[in-house]
């Protein structure tokens, strides 16, 4: 019985040891299927030192894109063929992928080891993500910032030019307005002086005419009085008598009578 146990252990242990020797060290070994929470992130252009352990004499290293559900067209790239090494410096990128590869379809990838000459294998790495380089994003951001700055500068320059033109226009308008105001004020002053002169002449003329009219009226009355004091001839059937110009007192003839 003990001999049978030792025999079974002798058979199973090498197989287990061989299986344990075929694994990835970088990226780490696989996790749960479809679990992407702990994915390492590699940037396009980075150099990653892929490392693995294997009991195979030669291996093929294949990079797979994890396809979303419903997509039946796999996309892969061979990173190494018939390699006896246990490491590979890989420049992160999409070199070797077929034309149907779409990086925007899925950013999730993994690496698989195959024994050279075989098409099946279960030695895979953990999922990892491939992203665009930060420098490209920064360059885009800086380009956008620079464009915005240039637009802002252009807008500011245009506003400055517009402001200068506006100021010049306002200055010219103000000057013309001041000139018009001065001309109008001068016209008003001259107009008032002319009106005052006309009013003064008219008033003096009226006074003179009024005075002359008064004098004529007075002369008329004086003439009538004078004429009334002249001698008048009165026709009578008898002897004519001349009336005195001055009043004559009648003598009292009572005494004489």
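The values are calculated or read from the model by the stated rules, or taken from the named source; none is laboratory data. For clarity, every value in this text was computed on a predicted model and none was experimentally measured. Cβ coordinates were reconstructed from backbone atoms using ideal geometry, including for glycine residues, and neighbour counts include every protein chain displayed.
Could you tell me which numbered condition residue 110 fails, if it satisfies all but one of (1) exposed (fewer than 15 other Cβ atoms within 10 Å of the Cβ); (2) within 18 Å of residue 24 (Cα to Cα)?
Among (1) exposed (fewer than 15 other Cβ atoms within 10 Å of the Cβ); (2) within 18 Å of residue 24 (Cα to Cα), residue 110 violates only (1).
Looking for whichever is under 23 Å from residue 44 (Cβ atoms) and modelled with pLDDT under 90 here; the options are 139, 110, 128. Which one fits?
139
Picking from 82, 122, which residue would you name as being at pLDDT below 95, loosely packed, with under 15 Cβ neighbours inside 10 Å and within 20 Å of residue 25 (Cα to Cα)?
122 is the lone residue from the list that is at pLDDT below 95, loosely packed, with under 15 Cβ neighbours inside 10 Å and within 20 Å of residue 25 (Cα to Cα).
It is to be established whether one or more residues within the stretch 49-61 are more than 19 Å from residue 118 (Cβ to Cβ) and either surrounded by fewer than 11 Cβ atoms within 10 Å (Cβ to Cβ) or at pLDDT below 95 (or both).
There is at least one residue in the stretch 49-61 that is more than 19 Å from residue 118 (Cβ to Cβ) and either surrounded by fewer than 11 Cβ atoms within 10 Å (Cβ to Cβ) or at pLDDT below 95 (or both).
Among the residues of the stretch 83-122, what is the count of those that are in contact with a strand residue (DSSP E or B) (Cβ under 7 Å, 6 or more places away or on another chain) and within 25 Å of residue 55 (Cα to Cα)?
15
If I ask for residues that are under 18 Å from residue 129 (Cβ atoms) and part of a loop (DSSP other than H, G, I, E, B), which ones from the stretch 47-68 would you list?
The answer is 66, 67, 68.
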